[in-house]
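K.L.:
Dropping a structure here in structure tokens format, bear with me for questions.
Just so you know, all these numbers are worked out from the coordinates, no wet-lab data involved. These figures come from a predicted structure and were not determined experimentally. Every residue, glycine as well, gets a Cβ built from its backbone with ideal geometry; the counts of neighbours run over all protein chains shown.
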Amino acid sequence: MPFRLEFLQTARQAPRATSLDLRSMSKVLRGTQDRSGAFAGSAALGGAFSHTAWAFDSLKALHEELPVGGVEPFLMAGLQDNTPLPVKEFAALTRCWLHFPKRLEEGVRDVLLKRYADYSNGDGFFDLPGESKAPTMRALFWGLAAGDALSVPPPAAEVLARALDVASAETLVDQARGVFFRRTLNASTKAEDVGELLESMRDPHGGFRNLPDAVTADIIATAYALFLRAAFRLPMPREQRACHIDFLEAMHVQGVGFSRDYTSKEPDPEAFFHALMALGHLA
């Protein structure tokens, strides 16, 4: 995925920022794999392919062995099922197949490429195949992630710039993605503007909100905010760093993982990976 290797490299630093036993938690995460080979998670945060892809990334970041053998039948069933998937789920399916390079070369990539084409009209990506709605930053991000996993060359600079101009981005996560993409186009973004955005979303008790009126900080928004802060080399007072670590550790659920925010107590692979990523930036 775009930035995937950067995200993984940062997540690997997580143990340096916390006293939580992340290795033990990763073993519990492995235990959430069901009979089909998929990993479990909260329905509010995604589907089976997303949870499996995030579980793989979390285990990889912690240098744990990946249970690829048990996952292949689940992925093959997803490949053969023609039910339209949201683009985030399709991107997760393609990311999972990266762990089976031989299978990709034996025909899996060709099948995925045919489905991939249905998510774009050439000017942007859509949440569902063949949609006619205005493109969103979220769909653009996951569409490019799927293309990256399938070794599809990125769009020409002018096409990507056009897509960025029309894609809606209301959340902190999507605004951060927009900033990252514009940086790849060498579009000027002022560090002061990024600092103002982050400050407007920073929760005084630690973490970052995904929306200005959100009730609580959010682990995924926090990971993206800290990534954005690092990319623009924005300073962080020591007391803020301590508050962010406190927030992330408060999202720890009884040794089994991380929940997304204070309103949820359900551990989830997506929250797990983004907690690692956020902690890595604070290491």
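K.L.:
Anything in the stretch 12-42 that is hydrophobic (A, V, I, L, M, F, W, C) and under 18 Å from C96 (Cα atoms)? List them, or say none.
P.N.:
Correct list: L29, A38, F39, A40.
K.L.:
So, one more: What are the residues in the stretch 220-240 that are out of contact with any Phe, Trp or Tyr (no Cβ under 6 Å at 6 or more places or on another chain), touching a residue at least 24 places away in the same chain (Cβ under 8 Å) and not aromatic (F, W, Y), if any?
P.N.:
Correct list: I220, A223, L226, L228, R229, A230, A231, R233, L234, Q240.
K.L.:
Identify the single condition in (1) touching a strand residue (DSSP E or B) at 6+ places or on another chain (Cβ under 9 Å); (2) surrounded by fewer than 20 Cβ atoms within 10 Å (Cβ to Cβ); (3) among the polar types (S, T, N, Q) that T136 does not satisfy, given that it satisfies every other one.
P.N.:
Failing condition for T136: (2).
K.L.:
Restricting the search to the stretch 189-237, which residues are assigned to a loop (DSSP other than H, G, I, E, B) and touching a Gly at 6+ places or on another chain (Cβ under 6 Å)?
P.N.:
Those that are assigned to a loop (DSSP other than H, G, I, E, B) and touching a Gly at 6+ places or on another chain (Cβ under 6 Å): A217, L234.
K.L.:
Taking the criterion of being assigned to a loop (DSSP other than H, G, I, E, B), over 20 Å from K27 (Cβ atoms) and of a type outside the set (F, W, Y), would at least one residue in the stretch 264-280 satisfy it?
P.N.:
Within the stretch 264-280, one or more residues are assigned to a loop (DSSP other than H, G, I, E, B), over 20 Å from K27 (Cβ atoms) and of a type outside the set (F, W, Y).
K.L.:
Would it be correct to say that E199 is of a type in the set (D, E), more than 29 Å from R241 (Cα to Cα) and free of Cβ contacts under 8 Å to residues at least 12 places away in the same chain?
P.N.:
Here the answer is no, as E199 does not meet what is asked.
Here's the yes/no breakdown for (1) under 26 Å from D57 (Cα atoms); (2) of a type outside the set (A, V, I, L, M, F, W, C):
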| residue | (1), (2) |
| --- | --- |
| K88 | yes, yes |
| E106 | yes, yes |
| F126 | yes, no |
| G143 | yes, yes |
| A149 | yes, no |
| A161 | no, no |
| L185 | no, no |
| S188 | no, yes |
